[in-house]
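Peer 1: Before I ask anything, let me first share the structure, which is written out below as structure tokens.
FYI, it's all coordinate maths here, none of it is from the lab. What you see is a predicted model, and the numbers here were worked out from it, not measured in a lab. Reconstructed Cβ throughout: ideal geometry from the backbone, glycine too, with neighbour counts over all protein chains shown.
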């Protein structure tokens, strides 16, 4: 297990995007080998009040894919989380910049959630707060699209011999 065993997803208030991302990655990690499946995955808001449930639409769109957000309680990103993080994934460039300026030292693995997607794709996940269910579904789907690239990143950086790695010469 790496010394820093925490993966953190960051959005603004920790009631829409980051809780959905947290649950999506937790679900995906269940099928991975150790140490990946033992990583702790949490979410936080760069300006969260703390103590709020996930938004009803976030709960509904995750429930529609078999995941539960009913126990979510929002929290603000803290220095302790940053210190324990192997990687932090932000929803927007602004979240990333705020994390870089508010915390010292920052996590060496600070990225946008969609940063590892190739091609001409939007790297940011817009805030669906206050919008209709379709906006939440679009945010969820953008996250689902990013999860395989995050798993690839984690495999490459945490596994001693990632799947598909070249074998050394004898």
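Peer 1: What residue, among those in region 72-82 that are surrounded by 14 or more Cβ atoms within 10 Å (Cβ to Cβ) and within 14 Å of residue 12 (Cα to Cα), is nearest to the chain's Cα centre (by Cα)?
Peer 2: This residue is 77.
Peer 1: Next question, about the same structure. Return yes or no: is residue 145 surrounded by fewer than 18 Cβ atoms within 10 Å (Cβ to Cβ), free of Cβ contacts under 8 Å to residues at least 40 places away in the same chain and within 21 Å of residue 23 (Cα to Cα)?
Peer 2: When the stated conditions are applied, residue 145 passes them.
Peer 1: Being touching a residue at least 60 places away in the same chain (Cβ under 8 Å), buried (at least 16 other Cβ atoms within 10 Å of the Cβ) and under 17 Å from residue 20 (Cβ atoms) is the filter here, so list the residues in region 105-134 that pass it.
Peer 2: Matches in region 105-134: 113, 125, 127, 128, 129.
Peer 1: With the structure loaded, tell me whether residue 69 is surrounded by 12 or more Cβ atoms within 10 Å (Cβ to Cβ) and either in contact (Cβ under 8 Å) with a residue 60 or more places away in the chain or touching a strand residue (DSSP E or B) at 6+ places or on another chain (Cβ under 6 Å) (or both) or whether it fails that test.
Peer 2: For residue 69, the condition - surrounded by 12 or more Cβ atoms within 10 Å (Cβ to Cβ) and either in contact (Cβ under 8 Å) with a residue 60 or more places away in the chain or touching a strand residue (DSSP E or B) at 6+ places or on another chain (Cβ under 6 Å) (or both) - is not met.
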